[in-house]
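Following: one structure in structure tokens, then a few remarks.
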Amino acid sequence: MLEQKIKHTDREARQIALADGRRLKLDRPLVMGVINVTPDSFSDGGKATPKQWAESARTMENEGADIVDIGGESTRPGAKPVSANEEMQRVIPVIEEIRKSSTLPISIDTYKSETAKAALDAGADIINDISASRLSPDMAKLAAEKKAPLVLMHMLGTPRQMQENPHYDDCVAEIGQFFEERINYCLDQGIDRSRLVLDPGIGFGKRLSDNIEILAGLRAFGLLGLPLLVGASRKSFINMLHPTDLPANQRIGGSVAAAVVACANGADILRVHDVRQTVGALKVIRAVGEVS
Ligand code: 8Y7
């Protein structure tokens, strides 16, 4: 399916170049901890302060997170969009607060270039765009100008309608074609290849069978020669395989298994909520991998 145009380089040699000259080495799978700065997502239900969000980031860093992903708009299926202003009011103070005491790489989860720009100016390092610069065509140019790595995630349509009857003839092949088109767009906009990351977008306009095919077929995306990010943590497909009445934050077993299988199939970065448990699992795989 995907042509082997670009040689798949060794894990050892692979890295992502940040704007400040630092490099994220991909010689082991990296863990990206999720921080959703939305009014309904703090544990006690109340409105958390930037200090409290920064404290969550600090905890994740201590638990072994390599990156934290800060988002201010829920992109769950059917979720309501928020304005760039509202989104910035949520995330910018949190990024500033984290930056006061930590150099931990921060990614900004947004598809709005205005928010991404403000976040980079406040100290964020990476743009995580669930629309791969489709919803803000100028996102790629911003990433090029700021020399910020850009995550290109695949989503069928928009967050609002993506789960309305998604269909693929060959899910992995179609996502691969999407990546090729988006990579070319980004290169045309001046982004360096060393700053692109691919993500098949588990749950974003996918049926259960599509999510499974993606996790099983992940190696195919590696042929494009770019780092791969996978976010399966707490997603609804896990509950479809093992239905329970428990809330999403109790889907830890399935989430960790998905992270492990993604890693075994070549994922470089795992976007997860349960950092401590995932880091523990990855250490076991790595230790075994080193002797086998
Ligand atoms: C992903 C993501 C979400 C993902 C990347 C959720 C923002 C939905 N999922 N970004 N964002 N990849 N790159 O359930 O899979 O966490 S939000």
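Worth a mention:
- Electrostatic tally near Gly254: other residues with Cβ closer than 14 Å to its Cβ, Lys and Arg +1, Asp and Glu -1, net +2.
- Our helix-only sum for the chain, with -39,500 (n - 2.57) per DSSP H run of n ≥ 4 divided by its residues, gives a mean residue ellipticity at 222 nm of -12500 deg cm²/dmol.
- Basic side chains Lys and Arg get +1 at the Cβ, acidic Asp and Glu get -1 at the Cβ, and with that the dipole of the range 66-200 about its Cα centre reaches some 360 debye.
- Taking a sphere under 13 Å around the Cβ of Ile214 and counting the other residues whose Cβ falls inside, with K and R at +1 and D and E at -1, yields a net charge of -1.
- Top positive-direction residue, dipole computed over the chain with Cβ charges, set Met139, Leu241, Met60: Met60
- What the phi angles of the range 23-39 give under the Karplus curve with 6.51, -1.76 and 1.60, with θ = phi - 60°, is a coupling list of 10, 8, 6, 9, 7, 8, x, 9, 10, 10, x, 8, 10, 9, 8, 10, x Hz, glycine and proline written as x.
- For peptides 211-224, 264-277, sequence by mean Cβ density within 10 Å, most packed first: 264-277, 211-224
- In order through the range 78-91: 3J(HN,Hα) via Karplus (6.51 cos²θ - 1.76 cosθ + 1.60), integer Hz, x for Gly, Pro: x, 5, 7, x, 10, 6, 4, 4, 4, 4, 5, 4, 6, 8
- Separation between Cα centres of the range 73-102 and the range 106-142, rounded to whole Å: 12 Å
- Using the Cβ-Cβ distance between Glu86 and Gln161 with R0 = 25 Å, the FRET efficiency computed as 1/(1 + (r/R0)^6) comes to roughly 0.70.
- Residue pairs, from the table Lys117/Lys141; Lys25/Lys283; Lys100/Lys147, whose Cα atoms sit over 19 Å apart: Lys100/Lys147
- For the range 17-83, a crude dipole built from +1 on the beta carbon of Lys and Arg and -1 on the beta carbon of Asp and Glu, taken about the Cα centre, is about 140 debye to the nearest 20.
- FRET E, pair Glu174, Ser74, Förster distance 35 Å, beta-carbon r, rounded to 0.05: 0.85
- Couplings 3J(HN,Hα) for the range 179-184, derived from phi with the Karplus relation 6.51 cos²θ - 1.76 cosθ + 1.60 (θ = phi - 60°), are 4, 4, 5, 5, 4, 4 Hz, where x marks Gly and Pro.
- Computing FRET efficiency as 1/(1 + (r/R0)^6) for Leu241 and Val284, where r is the C-beta to C-beta distance and R0 is 22 Å, gives about 0.50.
- Normalised alpha carbon radius of gyration of the range 210-292 [divisor 2.2 N^0.38 Å]: 1.11
None of the figures in this text is laboratory data; all of them are computed from the coordinates on show. This one's a predicted model, so the numbers in the text were calculated from it and none came from an experiment. Positions of Cβ are generated from backbone atoms using ideal geometry, with glycine treated the same way; all protein chains shown enter the neighbour counts.
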